[in-house]
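Notes for the one structure printed next.
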Amino acid sequence: MAKKFYAVKRGRKTGIFTSWPECKEQVDGFERPVYKGFMTREEAESWLSPKSEQVALFDAPPEPAADYVIYTDGSCLRNPDGPGGYAAVIIERSGAIRELSGGEPMTTNNRMEMRAGIEALKTLPDGSTVDYYADSQYLQNAFVKHWITSWKKKGWTTSQGTPVKNKDLWLALDEEFHRHSIRFHWVKGHAGNKFNERCDKLAKAEASKFS
């Protein structure tokens, strides 16, 4: 029998939802969400209560393995308008690893972060599930915090009424975002993560080709 109530303890919005699509909207792409389905509202409310806080993380269903894990990074040697590079490491569920990289003679760090994501996601088949790791909060927050949804509603202007920068790349990223199921994860840059460090090395090497 299908669950009738969904409780979200950690997500974009918390509380009780009466359909899976509503619940899914709160937890998809949100890092380490905590949620659970119940047959009755009373059970859901009890689980959400402070008394259940200690067991919440153990009740959360495990995240299924993604088809691909992607790490990306971008670099600009003289930000802005200096030579830049981007890179991605793509890990398939089988364990196979491939890399891609490229660069531009005059760009910005943010544009290179975005190019890395676009180029990596373009290589994947439609409908892929992806765990996406990057040290760019600028890129992730546009989707996780729904900035891009707001920009589109406002005709690609910010909350201050100014034009959104890098609209061309946001359009391309948004297309890729809707082509796949993506879970974003932030990783601290230059902190010893071997795949993040590899992307950083490749991106800087591409940027140095133009200097």
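The figures follow:
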{"read-out": "Overall form of the stretch 83-168 per C-alpha gyration tensor (a/c, 1.5; a/b vs b/c)", "value": "oblate"}
{"read-out": "Unsatisfied cross-links (Cα-Cα over 28 Å) in the set K154/K188; K167/K204; K145/K167", "value": "K154/K188"}
{"read-out": "Shape category assigned to the chain from the gyration tensor of Cα positions, a/c cut at 1.5", "value": "prolate"}
{"read-out": "Residues whose placed amide H lies under 5 Å from that of S181, excluding near-sequence neighbours", "value": "S128, T129, V130"}
{"read-out": "Under-5 Å amide H pairs with V164, H placed in peptide plane, nonlocal only", "value": "T157, T158"}
{"read-out": "Using a Förster distance of 41 Å, the FRET efficiency for A96-E42 (Cβ separation, nearest 0.05)", "value": "0.30"}
{"read-out": "Fully extended contour minus Cα-Cα distance, from F210 to K122, at 0.36 nm per residue", "value": "29.2 nm"}
{"read-out": "Within the stretch 105-211, trypsin sites (Lys or Arg not before Pro) in DSSP loop having at most 10 other beta-carbon neighbours inside 10 Å", "value": "K188"}
{"read-out": "DSSP-defined beta bridges in the chain - what % are antiparallel, rounded to 5", "value": "70"}
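Read-outs: derived from the displayed coordinates by stated rules, not from any lab. What you see is a predicted model; the values in this text were computed from it and never measured. Glycine also receives a Cβ, built like all others from the backbone with ideal geometry; neighbour counts cover every protein chain displayed.
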